[in-house]
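Notes follow once the structure below has been shown.
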Amino acid sequence: MNYIRHIYILSAFALTACGVLAEQMLSEVPVATEVANVETAAPAEIVPDSTTTPIISAAFTLAPDPTATDLLLPTEVLGSEDEATAAPTPAHADPTEAPTATVEPTMTPEPQIVVQLPAADTLTYTEVTSGYTRPILVTNFGDSSNRLLIAEQHGALTIRNADGSEALFMNISERVTRDGNEQGLLGVAFPEDYASSRTFYVHYSDNNGDTTVSRFQANADGTQGDPASETILLRESQPFGNHNGGSIEFGADGMLYIGLGDGGRAGDPLDAGQDPGTLLGSILRIDVSGDSYSIPADNPFGNEVWAYGIRNPWRFSFDRDTGDIYIGDVGQNLYEEISYLPFGFEGDRNFGWRATEGFHCYESGCDTSLYIPPIAEYDHSLGCSVTGGYVYRGEKYPSLNGVYIFGDYCTGVIWGSLQQADGSWQTEVLSQSGLNISSFGEDEAGELYVVHHQGGVYQLGLEQ
């Protein structure tokens, strides 16, 4: 097993008391008001998942916004989910096609990886666009157009063209619920053949609050999606309004990967994390090459589940050069973690929740050796909700090549992780951005972006 060298930032963080009432939390949820190297407008609201009270940093100012009216609160402290007396039994649609054999992809040669992380406080943030309402994602179309897609949590998708102009791509807000703070339009993925097929995939919470993964069709030039073209591929009942996961990504094998949380509430009351028979608490893997979807023949349990033992995967991604997967898994009350598997990993893909939280036992007396440990973790003195990111593979900043960039939603701290020659991982704080990081993103050239949930998208750079 790999071990990680934790290097924590020197400034102390004050941890607010746990177990407070929802009314108290309304005045305590932090909103980042200062962005390093960038001037931004005052934020209007805040959102994603955490089951602990937010952290206030002494290193940069985080203050509650008295004008916020739609704050994301940990629903496990107080809320409708806690008032439920019985949890519904999750159910999902069966695929309509027989399992498919998997074609082994051809990967590029192992890339050269830098041997050290960049110095702290050398990341820069260039505002690309602003004025969005709760932006949740930025991604690219992969069709050589150099366009970006920006998703808002209520259901709108906007194109940002290479010349800086923007236009509505698609709006499905009438199909998307935001009744729960962690619900909404959560993920979008474009297949490798988007330039010719003009099909794309969306992960959202439907009006019943259930996970829905659908295929849509765009017009001939790929500039406008058609809401009427929707084909629902997969639905999964969500027993509570939180821990919905949200990411969908195509892997190097051409399969569609889908992240689902454990179903919600504190402590995984459904024990979904350790049950590969349910789709909750898992990374799913399906073949969408047919009219519906099929289960790849080499999925380990004969169903959609590819990896399990996950609490709430808030953003996972694949290294575009190696095919390795990195997963940001939101913790319970103590630890946030980054999980990792190299491309082609063979073995039990069990990341441990709810037996473990990070490197530690969540259930008393657990055997941590039975599970895949994270490559990085941080405790709740440094943040409260991890946002997974990307491995940098752009050309502008060679010294970032191979560095995995991720951050924390509540405090805006950004870390870099780098695998060393001996297989161990080095993780260090790179920046205190002051952003409420709802997502990271990648353009066609491999340059990275960070999404500020208060309305903006920034391109990450590095001081030269």
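Readers should treat all values here as calculations from the given coordinates under stated rules, not as data from a laboratory. Here the structure is a predicted model, which is why all the values come from computation and not from measurement. Neighbour counts run over all protein chains shown; Cβ positions are idealised from the backbone, glycine included.
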*How far is the Cα center of region 365-380 from the Cα center of region 281-351, in Å?*
17 Å
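Let me know the volume per residue of the alpha-carbon convex hull for region 123-462, in Å³.
126 Å³
Quick check on region 298-358: take the gyration tensor over C-alpha atoms, sort the square-rooted eigenvalues as a ≥ b ≥ c, and tell me if it's rounded (a/c under 1.5), prolate or oblate.
Details: a/c = 2.17, a/b = 1.29, b/c = 1.68.
Since a/c reaches 1.5 but b/c is at least a/b, the shape of region 298-358 is classed as oblate.
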*Of the options Y326, G383, Q426, report the single residue whose Cα projects farthest towards the positive end of the charge dipole of region 123-462 (beta-carbon charges: Lys, Arg +1; Asp, Glu -1).*
G383
*Principal axis lengths of region 139-281 from Cα atoms, whole Å, largest first?*
49, 33, 25
*asked:* Please give the Cα centre distance for region 122-174 versus region 229-266, rounded to the nearest Å.
replied: 21 Å
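Could you tell me the convex hull volume per residue, in Å³, taken over the Cα atoms of region 322-464?
120 Å³
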*Using r as the Cβ-Cβ distance of S165 and T126, and R0 as 25 Å, what FRET efficiency do you calculate, to the nearest 0.05?*
0.90
*Return the FRET efficiency for the residue pair S381, S173: r is the Cβ-Cβ distance, R0 is 35 Å, and the value is rounded to the nearest 0.05.*
0.40
*Would you mind ranking T158, T223 by Cβ crowding within 10 Å, fewest neighbours first?*
T223, T158
*Give the order of D408, D321, D206 when sorted by the count of other beta carbons within 10 angstrom, beginning with the fewest.*
D206, D321, D408
*Order of I325, I437 from fewest to most other C-beta atoms within 10 Å?*
I325, I437
*asked:* If you consider only alpha-carbon coordinates, what radius of gyration and Dmax does region 252-384 have, in Å?
replied: 14.5, 48
